[in-house]
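The values are calculated or read from the model by the stated rules, or taken from the named source; none is laboratory data. As the structure is a computational prediction, the values presented were derived from the model and not from experiment. Cβ sites come from the backbone with ideal geometry, for glycine too, and all protein chains shown count toward neighbours.
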Amino acid sequence: MPRRDDDWDPERLPDLGGRRYLITGSNKGLGFFAALQLATAGAHVVMTGRNPNRLAAARGALMRQLGDAGPGTVETLLLDTSNLGSVRAAAATARGRRGLDGLLLNAGIVHPPKTRELTADGHEVVLATNVLGHFALAGELLTSLAAAGGRMVWVGSMATSLWSYDPEDPELEKGYTGWRAYVQSKVMTAAVGFEAARRLAAAGVAVESVVAHPGYSTSGRTRGIQGVNEPSRGKRFTANLQAAVAQSKERGAWPLVRALVDPAAENGSFWGPGLVARGAPRTATSSKITRDPERAARLWEFCEEATRVAWPLEQAARTRRRVRG
């Protein structure tokens, strides 16, 4: 029976003991608090990030929050979603262990460069970090997710309902602006996430693809944690002026975590704060531009070509049947 929205308590998650989740961009912000919430509920969490020192500091901070006898366990894995070589290496490490119950595709550039920049792979950096790296990672880890009957969650943005940038030029070779790069990457993220749901279902793969957004979550409304969240007084002041529409990163992680672990979250569903910008996690309606199947199919093909990763759908379907057998 589907769970009613008002039955879910984001501060008292179900027991996640024995489950394993990988989160990209775990050293701060939404990724850190999602990791903390999952570990507090007993899960084993793989925290990933591109900077080893920051990642180690974040793990230390998380373990201090959990306490010496914390219910969950935590490990770290170096992963830079802007670098496809790093994605492949990290996936090979994660894939070599037991099945994966959940993959939270969280890492991303929120404040893009003012001028267009390219990665070592030759892709626009916001596109590469927010979309291509996650598309490749999800494809590389698909069989691990299938082995556990797991779920992937793509992190969208309410900005896609405010600015309908159609990603006809994914690499933004013309007309680049930082804001357009960000919004366009989130349109692509959501569209590809919904397309993944359609393709997984059609291929009979026992993996769900869900999209969620954090609302308007700011560091200035978030409690201070050394090495993770240390906003200046100015940021605190500005954020407090926005209290009516803003919330903490901790609460912003609530829809992401619910989308990842709630048994009632359906393949292809969309989640966000109940009041759009803030509030308890609820099912929501994604922007129209992200729900167009034709556009999504086109973007999927672009991602396959750009990353050179074709999702192993048939293999993943066989993996789950073999595990059950």
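Per-residue answers, yes or no, for (1) of a type in the set (S, T, N, Q); (2) within 17 Å of residue 286 (Cβ to Cβ); (3) touching a strand residue (DSSP E or B) at 6+ places or on another chain (Cβ under 6 Å):
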{"position": "188", "(1), (2), (3)": "no, yes, no"}
{"position": "212", "(1), (2), (3)": "no, yes, yes"}
{"position": "216", "(1), (2), (3)": "no, yes, no"}
{"position": "232", "(1), (2), (3)": "yes, no, no"}
{"position": "240", "(1), (2), (3)": "yes, no, no"}
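Looking at this structure, is residue 122 crowded, with 21+ Cβ neighbours inside 10 Å, modelled with pLDDT of 95 or more and not charged (D, E, K, R)? Steps first, answer last, please.
Details: crowded, with 21+ Cβ neighbours inside 10 Å: no; modelled with pLDDT of 95 or more: yes; not charged (D, E, K, R): yes.
The answer is no for residue 122.
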May I ask you to list pairs of residues, at least six apart or on different chains, whose Cβ atoms are under 8 Å apart, with the first in the stretch 92-117 being within 27 Å of residue 147 (Cβ to Cβ) and modelled with pLDDT of 95 or more and the second being of a type outside the set (Gly, Ala, Ser) and surrounded by fewer than 20 Cβ atoms within 10 Å (Cβ to Cβ)? 93/77; 94/77
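Do you know which residues across the stretch 224-240 are surrounded by 11 or more Cβ atoms within 10 Å (Cβ to Cβ), of a type in the set (S, T, N, Q) and in contact (Cβ under 8 Å) with a residue 60 or more places away in the chain?
229
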Checking the condition surrounded by fewer than 19 Cβ atoms within 10 Å (Cβ to Cβ), on the phi < 0 side of the Ramachandran plot and either of a type outside the set (A, V, I, L, M, F, W, C) or more than 19 Å from the chain's Cα centre (by Cα) (or both), which residue from 243, 264, 280 passes? 243
Where a residue in the stretch 244-264 is among the acidic types (Asp, Glu) and its partner, wherever it lies, is surrounded by 23 or more Cβ atoms within 10 Å (Cβ to Cβ) and not in a loop (DSSP other than H, G, I, E, B), with Cβ under 6 Å and at least six apart: 250/33
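Residue check: is residue 150 small (Gly, Ala, Ser), under 19 Å from residue 101 (Cβ atoms), buried (at least 20 other Cβ atoms within 10 Å of the Cβ) and in contact with a Gly (Cβ under 7 Å, 6 or more places away or on another chain)?
On the way: small (Gly, Ala, Ser): yes; under 19 Å from residue 101 (Cβ atoms): yes; buried (at least 20 other Cβ atoms within 10 Å of the Cβ): yes; in contact with a Gly (Cβ under 7 Å, 6 or more places away or on another chain): yes.
Considered against the rule, which asks whether it is small (Gly, Ala, Ser), under 19 Å from residue 101 (Cβ atoms), buried (at least 20 other Cβ atoms within 10 Å of the Cβ) and in contact with a Gly (Cβ under 7 Å, 6 or more places away or on another chain), residue 150 comes out as yes.
Filter the stretch 172-181 down to the residues that are buried (at least 17 other Cβ atoms within 10 Å of the Cβ) and touching a residue at least 40 places away in the same chain (Cβ under 8 Å), then identify the one that is farthest from residue 299 (Cα to Cα). So that I can check it myself, show each step before the final result.
As a first pass, look at the stretch 172-181 and keep what is buried (at least 17 other Cβ atoms within 10 Å of the Cβ): 172, 176, 180-181.
Restricting the remaining residues to those that are touching a residue at least 40 places away in the same chain (Cβ under 8 Å) gives 172, 176, 181.
Details: 172: 14, 176: 19, 181: 15 Å.
Restricting to residues being buried (at least 17 other Cβ atoms within 10 Å of the Cβ) and touching a residue at least 40 places away in the same chain (Cβ under 8 Å), the top hit is 176.
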All but one of (1) surrounded by fewer than 24 Cβ atoms within 10 Å (Cβ to Cβ); (2) assigned to a loop (DSSP other than H, G, I, E, B) hold for residue 100, so report the exception by its number. (1)
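Test residue 205 against the criterion of being at pLDDT 95 or above, crowded, with 23+ Cβ neighbours inside 10 Å and of a type in the set (Val, Ile, Thr), and give yes or no.
Details: at pLDDT 95 or above: yes; crowded, with 23+ Cβ neighbours inside 10 Å: yes; of a type in the set (Val, Ile, Thr): yes.
The answer is yes for residue 205.
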The stretch 208-217, residues that are surrounded by 24 or more Cβ atoms within 10 Å (Cβ to Cβ) and either under 15 Å from residue 141 (Cβ atoms) or free of Cβ contacts under 8 Å to residues at least 24 places away in the same chain (or both): 209
